[in-house]
Amino acid sequence: MLAAQGGLMIETTTSLRRVALPLVLLAVMAGCDSGSTPPGPASPVPAGAAGSALLPRPSPAIQRIEELGRTIYLLDNAAARATDLAFAKGADLRASDMWGWVTDTSGPGVLVRFIRQKGGRFEAAYDVTVDGSGRAVSMTQPATPALTPEQASQFAALQLVSARPLPPLCPGPYAHVAFRDPASPSDWRVYLLAATTDPQVRVYAGHQRYMVSGDGSRILSSEQLSKNCLAPRLEVPPGQTPQLFLITELQSPTPTETHVFDNLLYRLPILVVTVPEKKQWIVDQGRISGPR
């Protein structure tokens, strides 16, 4: 387990949130009163519907949400695969001087640098390269462990958020993702992603979003992306075929980037019903279609 020293527990491995389980069609509500019932579709929406060539091109705002969700998934997956490879290669990521990781996309694929404290500075203890297909392909102990200025500011942003997190909505560990905000490239987007180590549980709500200054010194904004934790224990009755996951969104007029992330992570279409308009959106294969 990787933990930010003195901050919020953060962890990522393949066993964390990544066990592929089939689902039945479920109706669940993120942050809604239990007595309310969201409207459902007239018939199940098949996987792949969102990617149909017959659907209109989404608006620029929706395209930005899709891109954010895909970036979250890319970096979260890279950190998970890198962690697995590092453990397999004998890296002691649980040592008392280890302080988590940063991700670097300046080269091909994703470079995941696991950070340790040595004396009065932070440096890379292990480097893992994740290729364009999402596979961790190599691990090295860097000859030049110093962090680049970009890596150091990302690490500062992560440490700031882990030292001053919002109250966690979910009881399990949280994985972190950080990248430059496409709309404000001088600032960092940091996400704390609610997770679980239980292979029968999937976490669909409880995530947090932060905006942090470019040097990692100030939290500019912070937001719970749901009103509560949504982590159902899922089992499939014999003979059932998974169709989609239904969720009611109370805080956003559209699906959010974490809906896109969860869709890519669990590989199941998500029907998002936004209120009060009760508009229906499908999130599938990292794409958003709707409303209807």
Checked segment 160-195 for anything within 18 Å of Tyr73 (Cβ to Cβ) and surrounded by fewer than 16 Cβ atoms within 10 Å (Cβ to Cβ); matches are Pro182
Scan Pro167, Pro149, Pro173, Pro108 and give me the residue that is at pLDDT below 95 and out of contact with any strand residue (DSSP E or B) (no Cβ under 8 Å at 6 or more places or on another chain). Pro108
Go through the residues of segment 209-231 one by one and say whether even a single one is in contact (Cβ under 8 Å) with a residue 12 or more places away in the chain, of a type outside the set (Gly, Ala, Ser), farther than 27 Å from Ala78 by Cβ and part of a strand (DSSP E or B). no
Cβ-Cβ under 9 Å pairs, at least 6 apart or on other chains, segment 250-270 side open to solvent by less than 20 Å² (accessible area, probe 1.4 Å), far side of a type in the set (S, T, N, Q) and assigned to a strand (DSSP E or B): Pro255/Thr274
Suppose the filter is open to solvent by less than 20 Å² (accessible area, probe 1.4 Å) and free of Cβ contacts under 8 Å to residues at least 40 places away in the same chain; does Asp198 pass it? no
Could you look through segment 102-118, keep only residues that are polar (S, T, N, Q) and assigned to a loop (DSSP other than H, G, I, E, B), and pick out the one that is most open to solvent (accessible area, probe 1.4 Å)? Ser106
Would you point out the residue of segment 201-221, among those that are crowded, with 23+ Cβ neighbours inside 10 Å and β-branched (Val, Ile, Thr), that is farthest from Leu166 (Cα to Cα)? Val203
Would you confirm whether or not segment 224-243 contains a residue that is modelled with pLDDT of 95 or more and in contact with a helix residue (DSSP H, G or I) (Cβ under 8 Å, 6 or more places away or on another chain)? yes
Residue check, Glu123 part of a helix (DSSP H, G or I), of a type in the set (Asp, Glu) and at pLDDT 95 or above: no
Lone qualifier among Ala146, Ala124, Ala157 - being over 11 Å from Ala86 (Cα atoms), among the small types (Gly, Ala, Ser) and exposed (fewer than 14 other Cβ atoms within 10 Å of the Cβ): Ala146
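The values are calculated or read from the model by the stated rules, or taken from the named source; none is laboratory data. This is a predicted model, so every value here is computed, not measured. Glycine gets a Cβ as well: all are built from the backbone with ideal geometry, and neighbour counts include every protein chain shown. Just so you know, the surface numbers come from the protein's heavy atoms only, side chains and all, with ligands and any DNA or RNA stripped out. Shrake-Rupley method; radii C 1.70, N 1.55, O 1.52, S 1.80 Å.
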